Amino acid sequence: MTREKTDITAQELFSKLTATYAELTDTLLQQAKKYKKGSYIFEQGQVPRGVYYIKSGWVKISKIGADGNEKVLRLVTKNQFIGYLSLIKRWNFQSSAVAIEDCEVYFIPKQIFLELLAKDNDFASLVVEMLADELAETENHINTLLSRNVQERLTNLLLGLEQTSDRNVEFDDSFIRLPKKELASIINITPETLSRHLTALDEDGLIENTKNHIELLDRNGLLKKSNLRD
């Protein structure tokens with residue numbers, strides 16, 4: 001499923017949830033909650049009370065392994081749901097969600113989500129689509145880590161992040177401003193290795209790499225290095 005189709009699916013789900021919330025509670029869904037950079041939206045091990053829909057900003061989904069180390073599973077942004085798999089499976093949260101920049105996130109109580117899932121076949125089908133898309137994304141990420149070199153992983157990541165980013169209202173641009181520590185973690189390299197490869201891409205004229213942002217200058221050149229096409 002394309003990113004655009006994924007967004008449409010999530011938006012349809014959110015619209016149905018918003019309407020059902022109003023119908024069952026006789027009130028409108030509360031405004032999105034603001035989370036400051038570094039704040040937890042939910043934590044690994046907590047009991048889910050509902051699902052979350054990202055209105056704006058970037059969120060890190062990570063897990064603490066048996067060795068006590070954190071592993072970043074993915075980065076998510078607007079028009080995406082988080083926390084719904086644990087709710088459906090009746091698990092405690094298997095991972096944590098942390099704002100890596102200031103975010104706005106809607107919370108939908110579990111009784112609303114589960115009632116709509118049980119009664120509305122169209123809603124259930126959309127949830128299945130969303131689950132399938134997340135599974136495909138996870139498989140693709142694992143395949144990328146196993147089969148591609150660092151340069152390919154990094155350029156693939158940069159292209160994907162730019163594609164999912166909106167024009168920043170504050171800065172009036174679409175530069176990548178995510179913490180470089182998180183970028184390194186998502187492709188399983190050290191921050192030092194990331195820095196070396198970003199410097200090389202900068203020297204090749206493919207990106208502009210500064211302390212505060214990364215700007216993609218030559219997308220075709222990056223696409224060739226990502227090995228996504230001949």
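Helices (runs of 4 or more DSSP H) fully within the range 115-230 that include at least 2 residues being touching a residue at least 12 places away in the same chain (Cβ under 8 Å) and touching a Ser or Thr at 6+ places or on another chain (Cβ under 6 Å): 121-147, 150-164, 219-226. The set of residues from the range 141-152 being surrounded by 11 or more Cβ atoms within 10 Å (Cβ to Cβ) and within 23 Å of ALA97 (Cα to Cα) comprises HIS141, THR144, LEU145. The criterion of being at negative phi and open to solvent by less than 30 Å² (accessible area, probe 1.4 Å) does not hold for VAL128. Of the residues making up the range 23-33, not a single one is over 25 Å from LEU116 (Cβ atoms) and either touching a residue at least 12 places away in the same chain (Cβ under 8 Å) or surrounded by fewer than 19 Cβ atoms within 10 Å (Cβ to Cβ) (or both). Applying the selection to the range 198-212, what residues are within 23 Å of the chain's Cα centre (by Cα) and either under 18 Å from ARG148 (Cβ atoms) or surrounded by 15 or more Cβ atoms within 10 Å (Cβ to Cβ) (or both)? Those that are within 23 Å of the chain's Cα centre (by Cα) and either under 18 Å from ARG148 (Cβ atoms) or surrounded by 15 or more Cβ atoms within 10 Å (Cβ to Cβ) (or both): LEU198, ILE207, ASN209. Of the set (1) in a loop (DSSP other than H, G, I, E, B); (2) modelled with pLDDT of 95 or more, all apply to ILE41 but (1). Scanning the range 64-95 for residues that are more than 25 Å from GLN163 (Cβ to Cβ) and either part of a strand (DSSP E or B) or open to solvent by 40 Å² or more (accessible area, probe 1.4 Å) (or both) yields ILE64, ALA66, ASP67, GLY68, ASN69, GLU70, ILE88, LYS89, ARG90, TRP91, ASN92, GLN94.
The values are calculated or read from the model by the stated rules, or taken from the named source; none is laboratory data. Just so you know, these numbers come straight off a predicted model, no measurement behind them. Cβ sites come from the backbone with ideal geometry, for glycine too, and all protein chains shown count toward neighbours. To get the accessible areas, we keep the full protein, side chains included, count just its heavy atoms, and leave off ligands, DNA and RNA. Shrake-Rupley method; radii C 1.70, N 1.55, O 1.52, S 1.80 Å.
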